[in-house]
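**Q** Handing you this structure, nothing more for now.
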Amino acid sequence: MRRFVKCNKVISASFVVSFAIIALYIFSLKKIEWFPYAGEWFNVLFQLSIGFVINFIFYVTQVYIPRQNLTRQANRCIQERIQNVVDKMDDIFRRIVEKYDGKYDKCCMTREKLLDVLHKMKINDRINVVVASRAFAVHLNESSYFTVREWIITRLEFVEHDIDCIFKYYSFFVTPDLMFVLEKILKSPMHKNFARTILQSPGDLSFEKCDEDIFFTPYFDLMKELESLKEQYQ
């Protein structure tokens with residue numbers, strides 16, 4: 001009720017005024033006119049108020065309530081999509097940090113730690129995740145596991161797919177804040193440069209001479225920013 005009044009201040013105030021006019025009209029039916037032709041003027045206001053109240057009830061029951069139900073359903077879907085995007089972004093850091101640092105705690109990640117992991121990373125190293133299409137029934141070998149290159153590329157593809165679904169299916173319900181962050185993610189160096197240029201280069205690559213982390217740290221910050229926006233869709 002409070003949300004409705006807050007979002008529809010004018011029509012809510014008009015409903016209160018119309019209801020008051022109707023009550024006053026009924027109360028004053030057997031009263032003496034306050035001034036000449038007051039009854040006729042009051043009758044006109046009464047008819048207008050009745051019309052407004054009927055239209056107000058129609059709007060609430062046929063437009064506002066169904067729209068709110070639709071919004072709640074869409075918000076749940078958007079919230080799930082946001083969580084999927086956050087999980088895929090987090091998967092990148094989790095597996096790579098576990099590979100080169102041994103322990104991953106999202107709450108304790110710092111710019112220095114991410115830069116250190118980037119220095120240690122080699123894109124053809126194997127991480128401890130099996131590629132489903134390479135999992136043979138008899139045994140697993142080194143080639144059965146994702147390389148760092150493959151892992152990052154596949155996670156970023158999942159991120160782009162889920163963001164595309166949010167824009168495609170729920171664009172009407174996306175807030176400007178969420179749209180801004182999603183666009184920043186898609187245009188980030190991780191997607192534009194790292195995945196499409198650097199990771200496409202043949203051979204093994206090392207980042208130990210990088211003085212600044214323009215990939216992991218900004219992307220990690222975007223992940224946390226996106227996660228905080230999920231609360232808008234409760």
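**Q** Which FRET efficiency value, to the nearest 0.05, do you get for Glu112 and Lys184 by plugging their Cβ-Cβ distance into 1/(1 + (r/R0)^6) with R0 = 30 Å?
**A** Working: r = 23 Å, r/R0 = 0.77.
Once the sixth-power term is evaluated, E becomes 0.85.
**Q** How much length would be gained if the chain were fully extended between Asp164 and Lys9, taking 0.36 nm per residue of separation minus their Cα-Cα distance, in nm to one decimal? If you can, show how the numbers build up before the last one.
**A** Values: separation 155, 0.36 × 155 = 55.80 nm, distance 3.52 nm.
Result: 52.3 nm gained on full extension.
**Q** Next question. What do you get when you divide the Cα radius of gyration of the chain by 2.2 N^0.38 Å, with N the number of residues? Each step should come with its number before you reach the end.
**A** Numbers: Rg = 29.7 Å, N = 234, 2.2 N^0.38 = 17.5 Å.
Computed over Cα atoms of the chain, the ratio equals 1.70.
**Q** Could you check which residue among Asn69, Asn55, Asn84 shows the biggest mean-square fluctuation in a GNM of the chain with a 10 Å Cα cutoff?
**A** Highest fluctuation of the listed residues: Asn55.
**Q** Starting from the eigenvalues of the Cα gyration tensor, five times each then square-rooted, give me the equivalent ellipsoid semi-axes of the stretch 115-234, largest first, whole Å. Intermediate results must be reported in sequence, preceding the final value.
**A** Details: eigenvalues 176, 80, 30 Å².
Result for the stretch 115-234: semi-axes of 30, 20, 12 Å.
**Q** Under 30 Å Cα to Cα from Lys9, which lysines show up? Leave out anything in the same chain fewer than 8 places away.
**A** Straight-distance partners of Lys9: Lys230.
**Q** Starting from the 7 Å offset along Cα-to-Cβ, what nm value, one decimal, do you get for the label separation of Arg76 and Ser206?
**A** Taking the simple label geometry, Arg76 and Ser206 are separated by 5.3 nm.
**Q** Any chance you could run the full-extension gain for Arg2 through Leu45? It's 0.36 nm times the residue separation minus the Cα-Cα distance, nm to one decimal.
**A** On the way: separation 43, 0.36 × 43 = 15.48 nm, distance 2.75 nm.
Taking 0.36 nm per residue and subtracting the Cα distance, the gain is 12.7 nm.
**Q** Separate question: In whole percent, what relative contact order does the chain give with Cα contacts below 8 Å and a gap of six or more residues? Don't skip to the answer; put the middle values down first.
**A** Numbers: 182 pairs, mean separation 58.2, N = 234.
Once divided by the residue count of the chain, the mean separation gives 25 percent.
**Q** How large is the direction-averaged shadow of the alpha-carbon convex hull of the stretch 190-232, in nm²? Before the final figure, lay out the partial values.
**A** Values: hull surface 15.2 nm².
Across all orientations, the stretch 190-232 yields a mean hull projection of 3.8 nm².
**Q** Taking the full set of protein chains and a 1.4 angstrom probe, give the accessible area of Ser201 in square angstrom, rounded to the nearest 10.
**A** Per-residue accessible area (Ser201): approximately 40 Å².
**Q** Most fluctuating residue of Val129, Val85, Val159 in a GNM of the chain with Cα springs under 10 Å: which is it?
**A** Highest fluctuation among the options: Val129.
**Q** How much accessible area does Ser14 have with a 1.4 Å probe, in Å² rounded to the nearest 10?
**A** About 40 Å², ignoring ligands and nucleic acids.
**Q** Over the chain, what percent of the accessible surface lies on carbon and sulfur atoms, probe 1.4 Å? Mind showing how you got there, number by number?
**A** Numbers: 8680 of 14680 Å².
Within the chain, the accessible surface is 59 percent carbon and sulfur.
The values are calculated or read from the model by the stated rules, or taken from the named source; none is laboratory data. On a predicted model such as this, the values are computed, not experimentally measured, just so you know. Positions of Cβ are backbone-derived with ideal geometry, glycine not excepted, and every protein chain shown enters the neighbour counts. The accessibility values were calculated without ligands, DNA or RNA, using every heavy atom of the protein model including side chains. Shrake-Rupley method; radii C 1.70, N 1.55, O 1.52, S 1.80 Å.
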